[in-house]
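So the structure is just underneath, and the comments pick up after that.
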Amino acid sequence: MALLRMDNVGIVVDDLEAAVAFFAELGMELEGQALVEGPWVDGVVGLDGVRSDIVMMRTPDGHGRLELTKFRAPKAIPAEPANAPAHTMGLRRIMFAVEDIEDVLARLRTHGAQLVGGVTQYENSYRLCYVRGPEGVLVGLAEPLG
């Protein structure tokens with residue numbers, strides 16, 4: 001059996017409205033939202049009494065999706081360490097291709113994004129940077145050159 005596709009990446013957040021605004025500013029589009037609860041979700045995530053708000057966002061090309069989740073119950077727990085650096089094991093960042101990295105940075109800063117290092121160039125291929133997004137998530141930006 002072959003892998004069909006990567007369906008989405010899930011991010012647990014405390015401030016769902018701010019996370020949606022951040023990723024919308026980046027250019028993602030709202031696909032849908034729902035409250036999920038009941039035995040099926042308890043069984044999937046391995047927790048009891050789950051009630052969570054889910055917002056699905058997609059990239060403009062329709063191929064990439066983010067599932068933003070705010071747990072009403074049980075209460076979400078913070079990741080350790082908070083604002084983990086790029087070399088911490090586990091899922092560390094999400095990378096997006098953008099048209100104008102400076103414009104995107106300026107717009108994301110209005111939503112609290114903080115540049116992690118600097119904007120650098122990789123050969124004649126890309127301008128790249130990392131920013132801290134909602135809940136400290138590392139978001140990579142890559143502007144193709146040429």
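The values are calculated or read from the model by the stated rules, or taken from the named source; none is laboratory data. Small disclaimer: the values here were computed from a predicted structure and weren't measured. With ideal geometry, Cβ positions are generated from the backbone for all residues, glycine too; neighbour counts draw on all protein chains shown. Ligands, DNA and RNA are stripped out before the accessible areas are found, and what is left, the full protein with its side chains, is counted by its heavy atoms. Shrake-Rupley method; radii C 1.70, N 1.55, O 1.52, S 1.80 Å.
Search the range 8-40 for residues being in contact (Cβ under 8 Å) with a residue 24 or more places away in the chain and of a type in the set (Val, Ile, Thr), and hand back the single one that is most open to solvent (accessible area, probe 1.4 Å).
Checked the range 8-40; the qualifying residue most open to solvent (accessible area, probe 1.4 Å) is Val12.
Just give me the residues in the range 87-103 being of a type in the set (A, V, I, L, M, F, W, C) and either over 24 Å from Ala24 (Cα atoms) or touching a helix residue (DSSP H, G or I) at 6+ places or on another chain (Cβ under 7 Å) (or both), in sequence order.
In the first step, residues of the range 87-103 are kept if they are of a type in the set (A, V, I, L, M, F, W, C); the result is 89, 91, 94-98, 101.
Of everything in the range 87-103, those that are of a type in the set (A, V, I, L, M, F, W, C) and either over 24 Å from Ala24 (Cα atoms) or touching a helix residue (DSSP H, G or I) at 6+ places or on another chain (Cβ under 7 Å) (or both) turn out to be Met89, Phe96, Val98.
Within the range 1-31, which residues are part of a helix (DSSP H, G or I) and over 15 Å from Pro60 (Cβ atoms)? Break it down stepwise before answering.
Our first condition is that a residue be part of a helix (DSSP H, G or I); within the range 1-31, this holds for 16-26.
Of everything in the range 1-31, those that are part of a helix (DSSP H, G or I) and over 15 Å from Pro60 (Cβ atoms) turn out to be Leu16, Glu17, Ala18, Ala19, Val20, Ala21, Phe22.
Being within 17 Å of Pro134 (Cα to Cα) and surrounded by 12 or more Cβ atoms within 10 Å (Cβ to Cβ) is the requirement here; does Arg65 meet it?
Numbers: within 17 Å of Pro134 (Cα to Cα): yes; surrounded by 12 or more Cβ atoms within 10 Å (Cβ to Cβ): yes.
Criteria met by Arg65.
Taking the criterion of being closer than 21 Å to Thr69 by Cβ, part of a strand (DSSP E or B) and not small (Gly, Ala, Ser), would at least one residue in the range 103-114 satisfy it?
Scanning the range 103-114 turns up no residue that is closer than 21 Å to Thr69 by Cβ, part of a strand (DSSP E or B) and not small (Gly, Ala, Ser).
Every residue in the range 41-62 that is open to solvent by 50 Å² or more (accessible area, probe 1.4 Å) and out of contact with any Gly (no Cβ under 7 Å at 6 or more places or on another chain), please.
Our first condition is that a residue be open to solvent by 50 Å² or more (accessible area, probe 1.4 Å); within the range 41-62, this holds for 43-48, 51, 58, 60-61.
Hits for the range 41-62 are Gly43, Val44, Val45, Gly46, Leu47, Asp48, Arg51, Asp61.
Name the residue that is surrounded by the fewest Cβ atoms within 10 Å (Cβ to Cβ), counting only residues in the range 72-90 that are assigned to a loop (DSSP other than H, G, I, E, B), of a type in the set (A, V, I, L, M) and free of Cβ contacts under 8 Å to residues at least 60 places away in the same chain.
The initial filter retains those residues of the range 72-90 that are assigned to a loop (DSSP other than H, G, I, E, B), namely 74-90.
Within this subset, residues satisfying the condition of being of a type in the set (A, V, I, L, M) are 76-77, 79, 82, 84, 86, 89.
From what's left, free of Cβ contacts under 8 Å to residues at least 60 places away in the same chain: 77, 79, 82, 84, 86, 89.
Numbers: Ile77: 8, Ala79: 15, Ala82: 8, Ala84: 16, Ala86: 11, Met89: 6.
Among residues in the range 72-90 that are assigned to a loop (DSSP other than H, G, I, E, B), of a type in the set (A, V, I, L, M) and free of Cβ contacts under 8 Å to residues at least 60 places away in the same chain, the one surrounded by the fewest Cβ atoms within 10 Å (Cβ to Cβ) is Met89.
Out of curiosity, is Glu102 charged (D, E, K, R) and in contact (Cβ under 8 Å) with a residue 40 or more places away in the chain? Let's see the steps before the verdict.
On the way: charged (D, E, K, R): yes; in contact (Cβ under 8 Å) with a residue 40 or more places away in the chain: no.
The answer is no for Glu102.
Residues checked against (1) over 17 Å from Glu143 (Cα atoms); (2) in contact with a Cys (Cβ under 6 Å, 6 or more places away or on another chain); (3) not small (Gly, Ala, Ser):
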site: Ala86; (1), (2), (3): yes, no, no
site: Glu99; (1), (2), (3): no, no, yes
site: Arg107; (1), (2), (3): no, no, yes
site: Ala113; (1), (2), (3): yes, no, no
site: Leu128; (1), (2), (3): no, no, yes
site: Arg132; (1), (2), (3): yes, no, yes
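Is at least one residue of the range 121-139 surrounded by fewer than 16 Cβ atoms within 10 Å (Cβ to Cβ) and either of a type in the set (Asp, Glu) or closer than 18 Å to Met28 by Cα (or both)? Walk me through how you get there before you give the answer.
Step one: list which residues in the range 121-139 are surrounded by fewer than 16 Cβ atoms within 10 Å (Cβ to Cβ), which gives 121-125, 136.
Narrowing further to those that are either of a type in the set (Asp, Glu) or closer than 18 Å to Met28 by Cα (or both): 123.
Looking through the range 121-139, at least one residue is surrounded by fewer than 16 Cβ atoms within 10 Å (Cβ to Cβ) and either of a type in the set (Asp, Glu) or closer than 18 Å to Met28 by Cα (or both).
So is Asp48 part of a loop (DSSP other than H, G, I, E, B) and at pLDDT 95 or above or not?
Details: part of a loop (DSSP other than H, G, I, E, B): yes; at pLDDT 95 or above: yes.
Yes.
Test Glu99 against the criterion of being on the phi > 0 side of the Ramachandran plot and open to solvent by 60 Å² or more (accessible area, probe 1.4 Å), and give yes or no. Please lay out each step first, then the result.
Numbers: on the phi > 0 side of the Ramachandran plot: no; open to solvent by 60 Å² or more (accessible area, probe 1.4 Å): yes.
Here the answer is no, as Glu99 does not meet what is asked.
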